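Engineer: This is the structure I want to talk about, given as structure tokens.
Values in this text are rule-based calculations from the coordinates and carry no lab data. Keep in mind it's a predicted model, so treat the numbers as computed, not measured. For neighbour counting, all protein chains shown are included, and Cβ atoms are generated from backbone atoms with ideal geometry for every residue, glycine included.
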Amino acid sequence: MVEDVVRTLGFLCMGSRLRRIGERLQADTQQVIDEAGLSIQAGQYPFLAAIDRSGPLTIGELAQAVGITQPGATRTIGQLLELGYVDMQPAPDDQRRRLVSLTDKGQDLVGHSKKVIWPRIAAAVADLCGDLDGPILEQLAAIEDGLAAMPLASRNAAKEENP
């Protein structure tokens with residue numbers, strides 16, 4: 001059997017390991033979505049949830065809410081527009097701004113998902129993490145906050161300047 005280098009190298013490959021875990025969670029989530037017969041990708045759900053929670057948002061606000069680049073958000077919103085789950089209209093107070101909102105079809109999907117799909121996924125992930133020691137969601141938030149405050153490259157430079 002070949003050594004799992006990503007696991008063995010610990011902190012050195014933490015990003016690769018988190019990406020691997022994320023991809024597995026996305027794939028397993030997609031399987032649940034597919035089994036339910038829904039025509040949406042797992043990665044599109046956070047956009048619908050953001051609009052459901054906050055109301056109509058601009059592409060930039062959606063990118064910020066989901067934590068991705070604006071071009072990535074534009075691409076995903078384009079897909080959701082094609083599927084008929086969202087609509088984009090000029091903002092009433094500023095015609096230059098375009099707001100993305102849920103269509104009736106999108107509201108139906110979110111309503112169904114909040115009752116059936118999201119609880120199933122959340123329960124499965126909670127079960128997966130249930131025996132772990134420590135509050136994993138708080139630890140992940142601390143890692144994200146720490147990276148926002150100071151990227152890895154700056155951390156090395158700061159330690160070299162202040163030994």
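Engineer: Once you have the Cα-Cα distance between ARG24 and LEU81, take 0.36 nm times their residue separation minus that, and quote the gain in nm to one decimal. All intermediate terms of the calculation are to be shown ahead of the outcome.
Structural biologist: Values: separation 57, 0.36 × 57 = 20.52 nm, distance 2.66 nm.
So the chain would gain 17.9 nm between ARG24 and LEU81.
Engineer: Report the Cα centroid-to-centroid distance between the stretch 136-153 and the stretch 56-87 in angstrom, as an integer.
Structural biologist: So the separation of the two Cα centres works out to 24 Å.
Engineer: Next up: Cα axis of helix 152-161 to longest principal axis of the chain: angle in degrees, 0 to 90, nearest 10?
Structural biologist: 40 degrees
Engineer: Between LYS114 and ARG97, what length comes free when the chain is fully extended (0.36 nm per residue of separation minus the Cα-Cα distance, one decimal in nm)?
Structural biologist: On the way: separation 17, 0.36 × 17 = 6.12 nm, distance 2.91 nm.
Length gained, LYS114 through ARG97: 3.2 nm.
Engineer: Would you work out the charge dipole size for the chain about its Cα centre, treating the Cβ of every Lys and Arg as +1 and the Cβ of every Asp and Glu as -1, and quote it to the nearest 20 debye? Write down the numbers at each step before the final one.
Structural biologist: Details: 16 positive and 22 negative charges, 57 e Å.
Here the size comes out at about 280 debye.
Engineer: What full-extension length gain, to one decimal in nm, is calculated for ASP131 and ALA36 as 0.36 nm per residue of separation minus the Cα-Cα distance? Can you show the working numbers first?
Structural biologist: Working: separation 95, 0.36 × 95 = 34.20 nm, distance 2.82 nm.
Extra length available between ASP131 and ALA36 comes to 31.4 nm.
Engineer: Here is a follow-up. Identify, among GLN107, GLN79, LEU25, the residue whose Cα sits farthest towards the positive end of the charge dipole of the chain, taking +1 on the Cβ of Lys and Arg and -1 on the Cβ of Asp and Glu, with the dipole about the Cα centre.
Structural biologist: GLN79
Engineer: Running a GNM on the chain with Cα contacts under 10 Å, which residue among GLU138, GLU35, GLU23 ends up with the highest mean-square fluctuation?
Structural biologist: GLU138
Engineer: Also: Counting only other residues whose beta carbon sits under 14 Å from that of ARG120, what net charge do I get with K and R as +1, D and E as -1?
Structural biologist: Working: positive: LYS114, LYS115; negative: ASP28, ASP34, GLU35, ASP127.
Spelling it out: positives minus negatives among the neighbours equals -2.
Engineer: Would you look at the GNM of the chain, springs on alpha carbons closer than 10 Å, and say which of ILE117, ILE143, ILE40 moves the most?
Structural biologist: Of the options given, ILE143 has the highest mean-square fluctuation.
Engineer: Specify the residue with the greatest mean-square fluctuation among ARG96, ARG24, ARG75, computed from a Gaussian network of the chain linking alpha-carbon atoms under 10 Å apart.
Structural biologist: Top of the fluctuation ranking is ARG96.
Engineer: Would you calculate a helix-derived [θ] at 222 nm for the chain, using -39,500 (n - 2.57) for each DSSP H run of n ≥ 4 and dividing by the full residue count, to the nearest 500? Could the numbers behind the result be given before it?
Structural biologist: Details: 9 runs with 103 residues, N = 163.
My calculation for the chain gives -19500 deg cm²/dmol from helical runs alone.
Engineer: Per-residue HN-Hα couplings for the stretch 31-43, Karplus 6.51 cos²θ - 1.76 cosθ + 1.60 at θ = phi - 60°, whole Hz, x for Gly and Pro?
Structural biologist: 4, 4, 4, 5, 4, 7, x, 8, 9, 8, 9, 3, x
Engineer: With charges only on Cβ, +1 for K and R and -1 for D and E, what is the dipole size of the stretch 37-123 about its Cα centre, in debye, rounded to 20?
Structural biologist: Working: 9 positive and 8 negative charges, 48 e Å.
Result for the stretch 37-123 is approximately 220 debye, rounded to the nearest 20.
Engineer: Roughly how tilted is helix 136-149, in degrees to the nearest 10 and between 0 and 90, from the longest Cα axis of the chain?
Structural biologist: Once rounded, the angle reads 90 degrees.
Engineer: Under the √(5λ) rule applied to the eigenvalues of the Cα gyration tensor, what semi-axes describe the equivalent ellipsoid of the stretch 20-162? Give them in Å, descending.
Structural biologist: Numbers: eigenvalues 181, 118, 30 Å².
Value: 30, 24, 12 Å, ordered largest first.
Engineer: In degrees, nearest 10, range 0 to 90: what is the angle between the Cα axis of helix 118-129 and the longest Cα principal axis of the chain?
Structural biologist: 10 degrees
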